[in-house]
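Student: Have a look at this one.
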Amino acid sequence: MSDSHGSKFEYHPGLPLGLGKTFVWLFLSTEIMFFAGLIGTYIVLRFGSIAWPSPHDVHLAEHWGAINTAVLIASSLTVVLSLEAAKRNRTAEAKGWMLITFICGCVFMGVKGYEYSAKFEHGLYPQYPHGRIYEKADLLYSAAVRKRLNELKVDLGKSLASHSEAQEEINKSKEGSEKKTDLTKKQQQQLAKLKVAIGEDESRLAVVDEIQKKYLDPAELMVRDHPGDPQGRILLTQLAHAIYPPADLHAQPRMPEAQEQLEKDPAYEPGPLPGNVQVVPQKSPFRLVSHDDAAGDDHHASVHEGSEAAAHAGHAHGLNDEHPWLKLPMVIPGGNMWASTYFLLTGFHAIHVIVGLIAFFILMLYVLDKKRAGVIENVGLYWHFVDIVWIFLFPMLYLF
Amino acid sequence: MSEHEASHEQGASHEHDDVHNNYRLFLTVSVLLVIATAASYWTFTDLWPFGESKEIKRLWMMAVSCFKASLVIIFFMHLKWEANWKWILTVPASFMCVLLTLALVPDVGMRVFNGFSGYSRERLMHSAELPHDKAGQHHADVKHADAKHAKDGKDDQSQEVH
């Protein structure tokens, strides 16, 4: 084809915008579908699930989500203002707005990190080995609790033995010396520390034993000896609720209608309890976690202190909160699917935020004048998209 | 003052007004966005006057989210001032969003309906439980799955013998 042909035709040069902007928009349209896939999967899985935990059951605090939304909105505004300033060659102003945008992004990530750490602390991971979420209070769950209690017993036993040994050694050196009050100041301090450590080990072992005797043994014995009796299921649920009470049940009345009806039923008779164990005299799984009951229960009185406030403001306190070292398996119906979707959605969003932050950081190394306005606009478009994704994620994850 | 200088000054003040107007517009949009966020949060508070219906709350929240996303797209992403190419890129992508979600409904979203046909026996045994009113169905399904698996097992054995 000769050059002379070219002059006869006048084609429009594609889209009426720069190459950079065209490709950012093309990239964003693929991103729309990427997040649509993720959010769509979340919606479908959530509404297709038998059960789904309430936000408070999984340590989600709505106000943090709302604050993060406001932070992202502020950052969206500042990036636009940075672009406007750059267009008018006000470089210092543009850089200032860019810096504020960068700081807002960092604040968002900080809040997200804080939220993640709260979940990890409570064993809310998507899967083993860290995840401690069980779907229902059955024998599989009680076996997991027993396994953990046995691990604790072994660990605490070892710790107690080593502390006692160390204490004995110091005492021996005391007996070996001519003057019995010859212990150095350092040794005395060590002895005091060891005494505290031994006391702590012993009290922890007592807690482990109490959980086993009070909740675990009765439940498993009941299921073993009376497999057809609903009491077994009730005791298993009591075990689960003592460890990790569902937040929503705190608001429930003391005696649910279902339990009243069950007791009115002349055919209903709770099965005999195994003779050699002490059982919490409660029939309803709801009662264990209700505030009124806790007041009459010495062991749980401290556990439930302030829990009424907690029930309204967030998660309800159970044994895992009272003794964080326990790290017992928890029953959160639908919790595994929740964890998978929550971490996937927020994780991918966080990755996008990090990419945006890197872009802002690089931009801040340059003079943000009229020449850079195009680049600022492109990075801004990407940042606004990240903001839009969060606009949808916030209500879906925190308020639904 | 020469004519040129006068027009230059006029241009500068015009630009100043433009900047001022733009700033005011963007600030208004972000204030609206914050108010809209509070409107979503409203459903979570005791001040929400439209009852405890989750469906209404969710509908409201999604409407508010769509409104917020529109504000961001129209003003912050400048689509208000762009030419018609914007439709080419945004409309097909939006269609794909809806289609992707709808495509997941039959095999993923409906797997717990139709007698839990999408669940394996192991999953049924250890899955969370249905609300109380449907619990009978759940147990019936576990039994059904048990019977089915027992039958399958027999079939397998008979095949092995042959």
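Student: Just flag the chymotrypsin sites (Phe, Trp or Tyr not before Pro) in the range B:48-86 sitting in loop per DSSP whose Cβ has no more than 11 other Cβ atoms within 10 Å. Kindly include the intermediate steps, with their values, before the conclusion.
Tutor: Working: sites: B:F50, B:W60, B:F67, B:F75, B:F76, B:W81, B:W85; in loops: B:F50.
Sites meeting the loop and neighbour criteria: B:F50.
Student: Label points 7 Å out from Cα along the Cβ direction at A:E10 and A:K186: separation in nm?
Tutor: Here the modelled spin labels are 9.5 nm apart.
Student: To the nearest 0.05, how large is the calculated FRET efficiency for A:A143 and A:A166 if R₀ is 25 Å and r is the Cβ-Cβ distance?
Tutor: On the way: r = 35 Å, r/R0 = 1.40.
Step by step, r from the Cβ atoms, then E = 0.10.
Student: Ranked by Cβ crowding within 10 angstrom, fewest neighbours first, how are A:E165, A:E10 ordered? Working shown, then result.
Tutor: Details: A:E165 11, A:E10 7.
Ordered from fewest to most neighbouring Cβ atoms within 10 Å, A:E165, A:E10 come out as A:E10, A:E165.
Student: Would you order A:F23, A:F348, B:F26 from fewest to most other beta-carbon atoms within 10 Å of each residue's own beta-carbon?
Tutor: Values: A:F23 11, A:F348 15, B:F26 19.
Going from sparsest to densest Cβ surroundings: A:F23, A:F348, B:F26.
Student: Evaluate 2.2 N^0.38 Å with N set to the residue count of the range A:338-383, then give the Cα radius of gyration divided by it.
Tutor: On the way: Rg = 14.3 Å, N = 46, 2.2 N^0.38 = 9.4 Å.
So the range A:338-383 has a normalised radius of gyration of 1.52.
Student: Quick check on my link table: of A:K172/A:K193; A:K327/B:K54; A:K21/A:K370, which ones sit more than 27 Å apart, alpha carbon to alpha carbon?
Tutor: Working: A:K172/A:K193 17 Å; A:K327/B:K54 33 Å; A:K21/A:K370 16 Å.
With Cα atoms farther than 27 Å apart: A:K327/B:K54.
Student: Expressed in whole Å with the largest first, what are the equivalent ellipsoid semi-axes of the range A:98-156 derived from the C-alpha gyration tensor as the square root of 5 times each eigenvalue? Don't jump to the answer; show the numbers that get you there.
Tutor: Working: eigenvalues 288, 36, 9 Å².
Value: 38, 13, 7 Å, ordered largest first.
Student: Taking the Cα centre of the range A:56-112 as the origin and placing charges on Cβ (Lys, Arg +1; Asp, Glu -1), which of A:W64, A:A92, A:M109 is farthest toward the positive end of the dipole?
Tutor: A:A92
Quick note: the coordinates plus some simple rules give every number you see, no bench work behind them. None of these values were measured; they are calculated from a predicted model. All Cβ positions, even for glycine, are placed from backbone atoms using ideal geometry, and neighbour counts span all protein chains on display.
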